Amino acid sequence: MVDDEPQIRRIMRTTLTGAGYEVDDAKTGEEALKKVRAFRPDLVLLDINMPGMSGLATCRTIRADSGAGIIMLTVRNTEADKVEALDAGADDFVTKPFSTPELLARIRAALRRLPASPLSSPARIRVGKLVVDFGARTASNGTATSHLTPKELDLLRYLTQHANEAVAHRELLQAVWGPDYGDQVDYLRVFVRNLRKKVELDPDNPEYITTEPWVGYRFNGNAEPL
């Protein structure tokens, strides 16, 4: 839990430990980076507005080195703020003030990972020039290899499991983020845009992840296990 307000950190620590989580906290972005490297958390709750290193800068740095879930906390609630947080590598965005049940639900969703079995999700697949390594969390489009965030990986896995099908926005949101989601289409737009930058040779004219107008998205091509 990263927040510059001591009272918020105390309340959050009490709430989260009461819910059964092991909790550490930090008051600055710089302190958070040190604790993330030492503590190796499953999830980071990160305030977006902090003195010194901003929450967004902290998020980018954590994401470059960690697969932990990241939920950004902020008093701002514009679409631009959400896009900025998701672009920085956050998995979710919660606006203050929030209720304890809402926050705990978001935490459960961020910690949830799609189940992967050897039959339904091979460790590595190839589709044309695209090679995805789910274990290493990388995608290579034939010219560059990119690291995938946990949610990008979950989204790509679900799409490839349903290749050549039009997958609805709501289905994708609930499969990747959890049953409490379904209307946050702006989440998908940001994640699909970032995912296309990593898997497509030309993100503006995608070959693999195409838009189904008014429906959702389609992954084109048959995946071959490697």
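The values are calculated or read from the model by the stated rules, or taken from the named source; none is laboratory data. The model shown is predicted, which means the values in this text are computed figures rather than measured ones. Counting neighbours? That spans all protein chains shown, and the Cβs are built from the backbone with ideal geometry, glycine included. To get the accessible areas, we keep the full protein, side chains included, count just its heavy atoms, and leave off ligands, DNA and RNA. Shrake-Rupley method; radii C 1.70, N 1.55, O 1.52, S 1.80 Å.
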Within the stretch 60-101, of all residues that are out of contact with any helix residue (DSSP H, G or I) (no Cβ under 7 Å at 6 or more places or on another chain) and of a type in the set (S, T, N, Q), the one farthest from PRO41 (Cα to Cα) is THR78
* To do: Confirm whether GLY20 is open to solvent by less than 10 Å² (accessible area, probe 1.4 Å) and modelled with pLDDT of 90 or more.
  => no
Given (1) among the polar types (S, T, N, Q); (2) in contact (Cβ under 8 Å) with a residue 24 or more places away in the chain; (3) open to solvent by 10 Å² or more (accessible area, probe 1.4 Å), ASN77 misses just (2)
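Yes/no per residue for (1) surrounded by 14 or more Cβ atoms within 10 Å (Cβ to Cβ); (2) among the polar types (S, T, N, Q); (3) within 30 Å of MET12 (Cα to Cα); (4) without any contact (Cβ under 8 Å) to a residue 12 or more places away in the chain:
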position: LEU103; (1), (2), (3), (4): yes, no, yes, no
position: LEU111; (1), (2), (3), (4): yes, no, yes, no
position: ARG137; (1), (2), (3), (4): yes, no, no, no
position: ASN141; (1), (2), (3), (4): yes, yes, no, no
position: LEU148; (1), (2), (3), (4): yes, no, yes, no
position: GLU152; (1), (2), (3), (4): yes, no, yes, no
position: LEU155; (1), (2), (3), (4): yes, no, yes, no
position: HIS162; (1), (2), (3), (4): yes, no, no, no
position: ALA168; (1), (2), (3), (4): yes, no, no, no
- Query: Does any residue of the stretch 66-80 turn out to be under 21 Å from the mean Cα position of the chain (by Cα), within 19 Å of HIS147 (Cα to Cα) and not small (Gly, Ala, Ser)?
  - Reply: yes
By residue number, the members of the stretch 52-78 that are more than 17 Å from LYS96 (Cβ to Cβ) and either among the acidic types (Asp, Glu) or not in a helix (DSSP H, G or I) (or both) are GLY52, MET53, ASP65, SER66, GLY67, ALA68, GLY69
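The rows are residues; the columns are (1) farther than 14 Å from LEU130 by Cβ; (2) open to solvent by 20 Å² or more (accessible area, probe 1.4 Å); (3) not basic (Lys, Arg).
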position: ASP186; (1), (2), (3): yes, yes, yes
position: VAL190; (1), (2), (3): yes, no, yes
position: ARG196; (1), (2), (3): no, yes, no
position: ASP204; (1), (2), (3): yes, yes, yes
position: THR210; (1), (2), (3): no, yes, yes
position: VAL215; (1), (2), (3): yes, yes, yes
position: ARG218; (1), (2), (3): yes, yes, no
position: ASN222; (1), (2), (3): no, yes, yes
Any chance ARG126 is open to solvent by 20 Å² or more (accessible area, probe 1.4 Å), at pLDDT 90 or above, outside any loop (DSSP other than H, G, I, E, B) and farther than 21 Å from ASN222 by Cβ | no
Per the filter on the stretch 1-17, residues under 22 Å from the mean Cα position of the chain (by Cα) and either β-branched (Val, Ile, Thr) or loosely packed, with under 13 Cβ neighbours inside 10 Å (or both) are VAL2
Counting only residues in the stretch 24-45 that are touching a Gly at 6+ places or on another chain (Cβ under 7 Å), more than 10 Å from ALA68 (Cα to Cα) and not hydroxyl-bearing (Ser, Thr, Tyr), the one least open to solvent (accessible area, probe 1.4 Å) is identified as GLY29
The number of residues in the stretch 200-226 that are of a type in the set (Asp, Glu), within 20 Å of ILE125 (Cα to Cα) and not in a loop (DSSP other than H, G, I, E, B) is 1
